[in-house]
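The values are calculated or read from the model by the stated rules, or taken from the named source; none is laboratory data. Keep in mind that this is a model prediction, so the values were computed, not measured. Cβ placement follows ideal geometry from the backbone for every residue including glycine, while neighbour counts extend to all protein chains displayed.
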């Protein structure tokens, strides 16, 4: 991982970024990080959160935050606000989503019994597509080995599973953050991500960001990415979490 100072900000017109512990700090959205987000959009950059958080949160984010769209539930959908209303684009249709949700409850109960101390995520009622098991947000923090075990159990049950900085998310399907970022760019901006890769940055901090780190030439980890061995964004900030995001924004907005 190279220091952020080595990243050339001149071609960059779009920033994809994770939310938990990339934009936020210990679960809080600081004034510094939010102001950085607003400055980026005011400067003409596209800003797009790419998160494991639920549809209910993403409805609010798309409507209220200074963002151009939001990808949620690890790629299950993207939302955007325009022409005075919220627009929703899901990978699966409503009937498919309902059928998949009906199968997740039993899987959740089995995992919670198998991994003591884990719990259903508090935001689960607001999810459309996936299962979120909390291992360190509203429960006493479990070791990363427990998160790995939760992910293993999800995969044994036929789910795609990804570990975030707070939850382990599982879903039926093969989409991920990168697949839906590609879809969003093609449908909303009439562009192929492969063709504009060097104009885009992705910032994140945890294993569910791995496909984005691997794809983007300008991938950035906030400093707490070092918590997860094996993650290799191209660049890394000096500061952690929201302060790291603000550091990245300042670098992108620096005048030549």
**Request:** Return only the number of the condition from (1) closer than 29 Å to residue 68 by Cβ; (2) at pLDDT below 95 that residue 229 does not satisfy.
**Result:** (1)
**Prompt:** Can you find even one residue in region 209-216 that is over 13 Å from the mean Cα position of the chain (by Cα), in a strand (DSSP E or B) and within 14 Å of residue 16 (Cα to Cα)?
**Reply:** no
**Prompt:** What about residue 249, is it in contact with a helix residue (DSSP H, G or I) (Cβ under 8 Å, 6 or more places away or on another chain), assigned to a strand (DSSP E or B) and assigned by TED's automatic domain parsing to the domain that holds residue 71?
**Reply:** no
**Among (1) outside any loop (DSSP other than H, G, I, E, B); (2) modelled with pLDDT of 95 or more; (3) out of contact with any strand residue (DSSP E or B) (no Cβ under 8 Å at 6 or more places or on another chain), the one test that residue 242 misses** = (3)
**Request:** Look through 197, 208 and report the one residue that is within 18 Å of residue 225 (Cβ to Cβ) and either out of contact with any helix residue (DSSP H, G or I) (no Cβ under 6 Å at 6 or more places or on another chain) or free of Cβ contacts under 8 Å to residues at least 24 places away in the same chain (or both).
**Result:** 208
**Request:** Please report, ordered by residue number, the strands (runs of 3 or more DSSP E) entirely within region 22-120 with at least 2 residues that are in the same structural domain as residue 201 (by TED's automatic domain parsing) and surrounded by fewer than 19 Cβ atoms within 10 Å (Cβ to Cβ).
**Result:** 77-82, 85-90
